[in-house]
1. Starting from the Cα of K305, step 7 Å along the direction of its Cβ; do the same at L226; then give the gap between the two resulting points in nm.
2. For K256, go through the aspartates and glutamates and keep the ones whose alpha-carbon is under 20 Å away, minus same-chain ones fewer than eight residues off.
3. Could you give the nm distance between label points at E289 and E119, where each point is 7 Å from its Cα heading toward the beta carbon?
4. Which of A134, C209, N39 sits farthest toward the positive end of the charge dipole of the chain, with +1 on the Cβ of Lys and Arg and -1 on the Cβ of Asp and Glu?
5. Enumerate the aspartates and glutamates that K328 could reach by cross-link, defined here as Cα to Cα under 17 Å, with residues fewer than 8 away along the same chain left out.
6. Within 13 Å, Cβ to Cβ, of V249, how many net charges do the neighbouring residues add up to if Lys/Arg are +1 and Asp/Glu are -1?
7. Cα axis of helix 348-360 to longest principal axis of the chain: angle in degrees, 0 to 90, nearest 10?
8. Quick one: order R351, R200, R276 by neighbouring beta-carbon count within 10 Å, fewest to most.
Amino acid sequence: MRPRATHFSFFMSLQPFRRRVFAWFSRNSRELSWRGTRNPYEIWVSEIMLQQTTAAAVEGYYRRFLERFPDVQTLAATELAEVYRLWEGLGYYRCAAQLHKAAGALVEKHGGIFPETFEEVLALPGVGRYTAGAILSIAHDKRLPILEANTIRLHCRLLGLTTSPFEAETNKRLWAFAEEILPQKNTGRFNQALMDLGSRVCTPKQPQCLTETPCPLFEWCQAARLGLQREIPVPKTKPNSEEITEIAVLVRKRGKILLLQYPDGVRWAGLWDFPRCRDDHSVTQTLGELTGRRITPGRQIALHKHTVTRFKITLRFVEGKDGGPLQKPQYAVRWVRPEELNELPLNSTGRRLAGILERKI
């Protein structure tokens, strides 16, 4: 029987390639909480969480999330604030909001049953082509490709691509390759194997091409043949970084602390925070507009530096004096007892500031 023709000339037959992938995965698959499940809800939750961080970091969040929200009906019936609270530390709270919104859509439009067609899953808030393919291939063995950070790197090296995977034509070629190499059966297992290979073997800086446990796909790898493992994939051009200074203000009154809540349409929507703004000449005016109160910044309590995308942020945490009502606030505001900080969903730096405050009380 003649091997099936492919669009990639060096893959004369895909069967040996697939067998090698499956054999490696049988010996080296990672033990993860979401591995082995065919429940599309549980797979969906894991895939959304994994978009933000590493598998090791997600483990604890995933288990706690499913303990509290074991099914889509429970998630849909819960207030978004509680979802945010369990999501704290993962970042990208928009993903949590979309997960919650999609749960509502699943209950309303699908009776709480996860759909099995690509188009219906893709229509859910926060679900893209990769996520839809991962859910359906793992849960229902649908023959759908995936493409995420680890498989992008792996496929770029296998193909020896010297163009950026973020260019439209290159990205299109990668999707075509990811679909072409899929087996007819066990596609979810195959996709997971490729992700593990990218994560554990075809790593960004030190790919294990010829080690004591060499890459099982070495003989197919065009980057290895050309000696271009370190140059492929072509990195995404990084934007110029910008340094900014922010100020967050601790305002106390009668044993309570002033917080504001970010509205829909802005970063950290739905989360609570200490009043904060750019640290410039208009601090008092901006804080007044946000909170509706006359706030005067004072002594610095702490200093925190962090990076968000292209911004290098220096955050000053200072005490503030409340001068009373000033105008109608732009954001919702609330006076809370210090112990209530543990119950409200805060953004990551807000939680860090709350920790500093707790140690100082």
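A short reminder: the numbers here are calculations on the coordinates, not readings from a lab. Source: prediction; values computed, not measured. Cβ atoms come from the backbone with ideal geometry, glycine included; neighbour counts cover every protein chain shown.
1. My value for the distance between the label points is 3.9 nm.
2. D273, E319, D322, E339, E340, E343, E358
3. Simple spin-label model gives 4.6 nm for this pair.
4. C209
5. In chain and number order, the partners are E289.
6. Working: positive: R252, K253, R276, R278, R293, R294, R299, R316, K321; negative: E246, D273, D279, E319, D322.
Net local charge, V249 excluded: +4.
7. 50
8. Working: R351 19, R200 16, R276 23.
Listing R351, R200, R276 from fewest to most nearby Cβ atoms yields R200, R351, R276.
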